[in-house]
1. Give me Rg/Rg_expected for the chain, where Rg uses Cα atoms only and Rg_expected = 2.2 N^0.38 Å with N residues.
2. What's the ranking of 198-207, 307-316 by average number of surrounding C-beta atoms within 10 Å, highest first?
3. How high is the relative contact order of the chain, given as a whole-number percent (alpha carbon pairs under 8 Å, six or more residues apart)?
4. Please express the Cα-Cα pair-distance distribution P(r) of segment 292-338 as a list of whole percents, one per 5 Å bin, running from 0 to the bin with the greatest distance.
5. Placing +1 at every Lys and Arg Cβ and -1 at every Asp and Glu Cβ, with all other atoms neutral, what dipole size does segment 1-88 have around its Cα centre, in debye to the nearest 20?
6. If all Cα-Cα distances of segment 391-465 are sorted into 10 Å bins from 0 onward, what percent lands in each bin, rounded to whole numbers?
7. Rank N472, L482, L402 by how far each Cα sits towards the positive end of the charge dipole of segment 389-484 (+1 on Lys, Arg Cβ; -1 on Asp, Glu Cβ) and give me just the farthest.
8. Tell me, what HN-Hα J-couplings in whole Hz come from the Karplus equation 6.51 cos²θ - 1.76 cosθ + 1.60 at θ = phi - 60° for each residue of segment 84-97, using x for Gly and Pro?
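Please treat every number below as a calculation from the coordinates, not as lab data. Treat the numbers as computed from the prediction; the structure is a model and nothing was measured. When we count neighbours, we look across all protein chains shown, and the Cβ atoms used for this are built from the backbone with ideal geometry, even at glycine.
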Amino acid sequence: KMDSPQEHIIMLPFFAHGHLIPFLALAKQIQERTGFTITLVSTPLNILYLKSTNTQNPQIHLVPLPFNSSHHNLPPNTETTESLPLSQVITLFHASSSLESPFRRFISDVTIRDGKSPICIISDVFMGWANEVAKSLDIVNVSFSTCGAYGSAAYVSVWQKLPHRFLENDNDEFCLPWFPERCRVTRSHLHQFVRVADGNDEWSKFFQPQTTFSLGSFGWLCNTVQEIEPLGLEVLKNNTKLPIWCIGPLLPQRMLESSSNPGTFGKRAGKEPGLSPEECLKWLDLFPKSSVLYISFGSQNTIRPTQMMELAKGLEESGQPFIWAIRPPIGFNLKENFRDEWLPPGFEEQMIHRKLGLLVHKWAPQLEILSHKSTGAFLSHCGWNSTLESLSQGVPIIGWPLAAEQVYNSKMMEEEMGVGIELTRGLESSIVKEDVKRVIEIVMGKNGKGEEMRKKACEIGELIRAAAREENGVKGSSLQALDDFVASILS
Ligand code: UDP
């Protein structure tokens, strides 16, 4: 441990659980390794949320800054993207910049109280304005991307350049801006807001300046492992011309579990029995090694009713055992009982009866499921946390990316890592059960491609775990990167 307990780092995450949790995990990691004081600031409700997940570390201060969503044309008490319909999410993005004045005041107060400036501000890539605050106060600002290197580079470069702007058709290909020629996508790959962005829309007006500010920071921290994303890392380094410290994996699961859970799944309706993590694992115990498919679209996303129906039928027809963290599709909630519109009649009961599939309606114990020996593949929306969690356990991925940078994660796993295969993407795709069945057969098959993917996933899993280890005095690359980062801000 380094011996400068008086140093102080201020951290500023974006307003979404998928950002708050890795920020807190990073705070802990830095604190434990350096002894520094860390303060994480956000809006009052986000701080409350973090407090509920934090197994208290007295050296990590969680400080609310004034924010009132009603002042920004948002419903009262709206402080994370999760609580908003998609059409209003951009309003919250813009509102996040209003933290600037209170943030500036806070830094001044800390400086007076500590008798010196904080040694560094770590701000979310989406909170680029913090770089300007830091510069004006002569404090080092480092940006933290909660995504991987490939995903960050693709996401930021597409917002910066909007390369698809002048294409005629949604299926015309273009090269991802900072990437080698072979990394091509079509406009239909892009999330709906990026797809229609022209530089003058509200999304571009947020992302273009904020990412530009972040590109002006002292360096970037990235929630990844350098050995697993050589291309993404090279692209990010070459184009940002900044030091990139790969300090991942910041696996958030433990914290999510110890909390009373953000409750994004809502309460299970009526008298239906709930399932404990132990019950999930007991169920997995029934099956042979690598034979069960785990399905989840993360903490916020879901698919359409027709897509869900085809997915269910495909699962059933594949005959492959599965465990599905299921949320009602778009337009439905748990209280209503229109399940016949999105699942075949009697599906849940039949699947259990036939010992074929288990539906988890609440929060699934994801890391436990992924680390169970029976789990053989993960049908995932390719959120970065899910991606890291799955690969860290050597579990290959069937991709169904839905939002944010997920489509790039899915692409990277398929094309660069060879550990994934994309089933489909987005909410518009007209997926049919035959596709589901076919892809499951490829990935879960004991010969050929599936085995190859599993082997590669295991190799990557070993790299991920090794990066966070210190053995016989040899530091894993992520520990080394964290120390390098600390050394750079101290010098
Ligand atoms: N998660 C979980 N149980 C669930 C759903 C999600 O434990 O039923 C956790 C998952 O392990 C991961 C996080 O929630 O750590 C989801 O993050 P990710 O980046 O994959 O996707 P997001 O939810 O941000 O879209």
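1. Normalised Rg, Cα atoms only: 0.96.
2. 307-316, 198-207
3. 13
4. Answer for segment 292-338: a P(r) of 5, 19, 28, 26, 16, 6 percent.
5. 100
6. 21, 48, 28, 4
7. So the residue furthest toward the plus end is L402.
8. Coupling constants for segment 84-97: 10, x, 3, 5, 9, 4, 4, 4, 5, 4, 4, 5, 4, 5 Hz.
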